[in-house]
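Asker: I have a structure I would like to understand better, so I am pasting it below and will then ask my questions one at a time.
The values are calculated or read from the model by the stated rules, or taken from the named source; none is laboratory data. Quantities reported herein were computed from a predicted structural model and do not represent experimental measurements. Here the Cβ positions follow ideal geometry from the backbone for every residue, glycine too, while neighbour counts run over all protein chains shown.
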Amino acid sequence: MNEIASKLQQVFKEKYNSDPTLYFSPGRINLIGEHIDYNDGYVMPAAIDKGVYYAVAVNNSHAANFYAVDFTEEFSIEVNKISKADGWKNYVLSVVNEFLLLHKNINGFDCVMMGDIPHGSGMSSSAAVEGGLAFALNDLFNCGLDKLELALLCQRAEHNYPGVQCGIMDQFANMMGKRDHVILLDCQHITHAYFPLQLNDYEIILVNSKVHHSLASSAYNERRRQCEEGLMMLKETLNIHSFRDVGKWEDLLSMEKMLDESVFMRCKYVVQEIGRTRLAAELLQQNKLFEFGQLMYQTHEGLSKLYEVSCAELDFLVDFASKNPAVIGSRLMGGGFGGCTINLVHKDLLDKFSDAIKIAYKHNFNISAEIYIVKTADGCMRIN
């Protein structure tokens, strides 16, 4: 049991005077396939060794009691009177609500949660919060849902109270992750395959820009709307069902004059990224990590110039990494407008790279970047 789990168990016993069951709910990275989970594309996420830990016990009442150690906030609510709240509370309450909508017999419970995912880093702390509680409730109340059903439940939960119209990637990786593997997830048919991640002499390094531009949430919904608008036109003109059905580049090019410029740019990015992700899976199978890394650079270029979800800070970090001999791939990860870049960095040059990029970033933006080394991990699990 690690330090966080031990502390969590101790806090729970002091607060509720009973022995909890402990759970780990991982964050996720996405190596390639960004902003296309809600466009019926392919994505390549992996669960990681940073996440949210839960201590939960049935309390034989009708009250659900929550305590978030990281926020030093707590609240209680009657299980049969679940309703919207604000902030992090919405994520856990919406999960409970989804179980009730399925007519699952959820009664009172005590819950303490604590994590080590840096806020706003793009490692999907929201999916980890949802997934950990869903996994725990399913386990403690014998609800009988499998991991795929839990992932879909958590996606619905994020759509509902928090109001974030996310795709399935984050929740799927959180539940279905497999250590030393990435998942090639088909977001149209919700099918998946595992690919061994043979990093050899490289590590996955996240560089946190420590910026969070306020455009993020509104721009996310705008990008979704633009993609839907573009797809509607493509369906009518090209007789296709989804972006992945665009067979030839010329087909999309023929639509350029019919679409608003920004809508065309979004569609162009989506079609290209679907192709990159398919190719990336082949490269991993062939253990061609360098070529895989070059696709990451192409993805960042598309996210910055076509999808327009980057920012000066992220562009700087990727550009700096691309000129460093230790790095074979880099791009922004997550929604954009801040958060982290994901980088493939040679183990022997890791310290030099970390020092150099922090110094350069501080010099240019007067912000202290943070560096995280992440390992792939299994999906949600009971840990005692």
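Asker: Would a scan of segment 359-380 turn up a residue that is without any contact (Cβ under 8 Å) to a residue 40 or more places away in the chain, assigned to a helix (DSSP H, G or I) and surrounded by 16 or more Cβ atoms within 10 Å (Cβ to Cβ)?
Answerer: Checked segment 359-380: no residue is without any contact (Cβ under 8 Å) to a residue 40 or more places away in the chain, assigned to a helix (DSSP H, G or I) and surrounded by 16 or more Cβ atoms within 10 Å (Cβ to Cβ).
Asker: Now for a separate question. Would you confirm, using the coordinates I've provided, whether residue 207 is touching a strand residue (DSSP E or B) at 6+ places or on another chain (Cβ under 6 Å) and aliphatic (A, V, I, L, M)?
Answerer: yes
Asker: Continuing with the same structure: For segment 271-291, check the following and say yes or no: at least one residue is of a type in the set (Phe, Trp, Tyr), buried (at least 18 other Cβ atoms within 10 Å of the Cβ) and either touching a strand residue (DSSP E or B) at 6+ places or on another chain (Cβ under 8 Å) or not in a helix (DSSP H, G or I) (or both).
Answerer: No, segment 271-291 has no match at all.
Asker: Could you list, in sequence order, the residues of segment 317-337 that are more than 12 Å from residue 207 (Cβ to Cβ), part of a strand (DSSP E or B) and touching a residue at least 60 places away in the same chain (Cβ under 8 Å)?
Answerer: The answer is 328, and nothing else.
Asker: Residues to consider are 154, 143; find the one that is farther than 20 Å from residue 52 by Cα and not in a strand (DSSP E or B).
Answerer: So the residue among 154, 143 that is farther than 20 Å from residue 52 by Cα and not in a strand (DSSP E or B) is 143.
Asker: I'm trying to understand the selection: among the residues of segment 301-343, which are among the acidic types (Asp, Glu) and over 14 Å from residue 121 (Cα atoms)?
Answerer: Of everything in segment 301-343, those that are among the acidic types (Asp, Glu) and over 14 Å from residue 121 (Cα atoms) turn out to be 301, 308, 315, 319.
Asker: When both residues are 6+ apart or on different chains and their Cβ atoms are under 8 Å apart, which pairs have a first residue that lies in segment 13-31 and is closer than 30 Å to residue 339 by Cβ, and a second that is of a type in the set (Asp, Glu)?
Answerer: From segment 13-31, the pairs are 23/139; 26/49; 26/378; 28/170.
Asker: Against the definition (crowded, with 23+ Cβ neighbours inside 10 Å, closer than 17 Å to residue 200 by Cβ, of a type in the set (S, T, N, Q) and touching a residue at least 24 places away in the same chain (Cβ under 8 Å)), how does residue 343 come out, yes or no?
Answerer: So residue 343 passes the test.
Asker: Do you know which residues across segment 75-100 are over 28 Å from residue 338 (Cα atoms), surrounded by 13 or more Cβ atoms within 10 Å (Cβ to Cβ) and modelled with pLDDT of 95 or more?
Answerer: If the condition is that a residue be over 28 Å from residue 338 (Cα atoms), surrounded by 13 or more Cβ atoms within 10 Å (Cβ to Cβ) and modelled with pLDDT of 95 or more, then 75, 77, 79, 96, 97, 98, 99, 100 are the ones that fit.
Asker: Taking the condition on the phi > 0 side of the Ramachandran plot and either assigned to a loop (DSSP other than H, G, I, E, B) or of a type in the set (S, T, N, Q) (or both), does residue 167 pass?
Answerer: No; evaluated as a whole, the condition is false for this residue.
Asker: Something else about it: Among the numbered criteria (1) modelled with pLDDT under 95; (2) assigned to a helix (DSSP H, G or I), which single criterion is violated by residue 228?
Answerer: So the condition that residue 228 fails would be (1).
Asker: Within segment 106-140, count every residue that is assigned to a loop (DSSP other than H, G, I, E, B) and at pLDDT below 95.
Answerer: 9
Asker: While we're looking at this one, here's another question. Can you tell me which residue is surrounded by the fewest Cβ atoms within 10 Å (Cβ to Cβ) among those in segment 20-32 that are farther than 21 Å from residue 154 by Cα and in contact with a strand residue (DSSP E or B) (Cβ under 7 Å, 6 or more places away or on another chain)?
Answerer: 20
Asker: Which one is farthest from residue 135 (Cα to Cα) among residues in segment 50-105 that are among the acidic types (Asp, Glu) and not in a strand (DSSP E or B)?
Answerer: Here the answer is 86.
Asker: Considering only segment 46-74, how many residues are surrounded by fewer than 16 Cβ atoms within 10 Å (Cβ to Cβ) and touching a residue at least 40 places away in the same chain (Cβ under 8 Å)?
Answerer: 5
Asker: Something else about it: Pick from 126, 121: which is in contact (Cβ under 8 Å) with a residue 24 or more places away in the chain and touching a helix residue (DSSP H, G or I) at 6+ places or on another chain (Cβ under 7 Å)?
Answerer: Unique residue meeting the criteria: 126.
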